[in-house]
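Report on the following structure.
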Amino acid sequence: MAIKLAVIPVAGRGTRLIPLTKSLPKEMLPVGRKPVVQYVVEELSRSGLERLLFVTGATKTAIENYFDLDVELIDHLRKTGKEDLLEELAFEKADLQYFYTRQRRQLGLGHAILCAESFIGNEPFVVALGDTILGVPSKANIVRRMIEQFELKKADAVIAFEEVPESEVHRYGIAAPVSLRDPEVFRLARIVEKPNVAEAPSCLAVASRYVFRPSIFGYLRDTKPGKNNEIQLTDAIQAMIADGKKVYGVRVLPEEHRFDIGNFGSYFDAFLEFALADPDHGEEVRRKMESLLNKG
């Protein structure tokens, strides 16, 4: 069965990016020419997904507005001789259907995915976090590769992983592979949520993309809330592994490096890299940066 459904959780408050996120969703922060969430949607579209469900919160209406067709803006650009800018709105014409539901209480990523259960029904689906870009524009095909492995292995879940420095393992879910004979695709023996360095079974960190069978919902319902009364997706995945379900990891390629727009450091890094890659302004940005650095 071809996978056509994707869930994009976007309900988080983005408190580490205040004051930027006081009234603007962190998923709508600009990175280069586009907001973060547009890169995520374009990645899913390239991978063959067709129906996207955003799990939103009370402050996220800007995301719904952004993906609406803005007929008035299009007419204005045509009437004022700015037809060249219509190309920047081409994403509005993508062959995608957008749906929205609310996560009415902030109870963690696992709970956000549970909010999608009635939309998903009995079909397999992708989860892509709406605040994370993989790769500089148009270079990531990790979701497509994950879907291929999901079908080839008849897996119950496939998760993207990226190797991180030891000093960062405490920030992520970390994989314990059964074997690394194939370092690009591996079955998971277990997964550990935010271990310290001594407890980390590897440096392979969850990279914000997943493929699941709908059986994940049963595991999420059975997962007891942990810290901050949140339902951890990693705990549900570990329960699947413990039950003998087939859970695989796929390693992201170097050019698919993850940009997690979760704090100012990572946001600034992403903006600079995407600005430098801009086909029209990248060289100008590079010269400006070199000039500023030389002054120092």
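The values are calculated or read from the model by the stated rules, or taken from the named source; none is laboratory data. Just so it is clear, the model here is predicted, and its values are computed rather than measured. Because the Cβ atoms are built from the backbone with ideal geometry, glycine has one as well, and the counts that use them run over all protein chains shown. Note: accessible area is taken over every heavy atom of the protein model, side chains too, but ligands, DNA and RNA are not part of it. Shrake-Rupley method; radii C 1.70, N 1.55, O 1.52, S 1.80 Å.
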Notebook entry, point to check: For the stretch 1-32, which residues satisfy the criterion of being assigned to a strand (DSSP E or B) and under 16 Å from Leu109 (Cα atoms)?
Noted result: Ala6, Val7, Ile8, Pro9
Next item on the list: With respect to Leu220, determine if the residue is of a type in the set (A, V, I, L, M, F, W, C), open to solvent by less than 70 Å² (accessible area, probe 1.4 Å) and in contact with a helix residue (DSSP H, G or I) (Cβ under 6 Å, 6 or more places away or on another chain).
Entry: yes
Next item on the list: Return the residue satisfying two criteria in turn: it lies in the stretch 99-120 and is among the polar types (S, T, N, Q) and surrounded by 16 or more Cβ atoms within 10 Å (Cβ to Cβ), and of such residues it is nearest to Ser45 (Cα to Cα).
Entry: Thr101
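Can you report the number of residues in the stretch 144-167 which are farther than 19 Å from Gln232 by Cα, in contact with a strand residue (DSSP E or B) (Cβ under 7 Å, 6 or more places away or on another chain) and not in a strand (DSSP E or B)?
Pass one, the stretch 144-167, residues farther than 19 Å from Gln232 by Cα: 144-155, 162-167.
Of the ones still in play, those that are also in contact with a strand residue (DSSP E or B) (Cβ under 7 Å, 6 or more places away or on another chain) are 145-147, 149-150, 153, 155, 162-164.
Of the ones still in play, those that are also not in a strand (DSSP E or B) are 145-147, 149-150, 153, 155, 164.
Residues meeting the conditions: 8.
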Checklist line | Options Leu77, Leu53, Leu96, Leu86: the member that is among the aliphatic types (A, V, I, L, M), surrounded by 16 or more Cβ atoms within 10 Å (Cβ to Cβ) and over 23 Å from the mean Cα position of the chain (by Cα) | finding: Leu77
Notebook entry, point to check: Which pairs have Cβ atoms under 9 Å, sit 6 or more apart or on different chains, and link a residue in the stretch 84-100 that is without any contact (Cβ under 8 Å) to a residue 12 or more places away in the chain to one that is assigned to a helix (DSSP H, G or I)?
Noted result: Asp84/Leu77; Leu85/Leu77
Notebook entry, point to check: Residues in the stretch 45-96 that are over 23 Å from Lys26 (Cα atoms), of a type in the set (Asp, Glu) and outside any helix (DSSP H, G or I): how many?
Noted result: 2
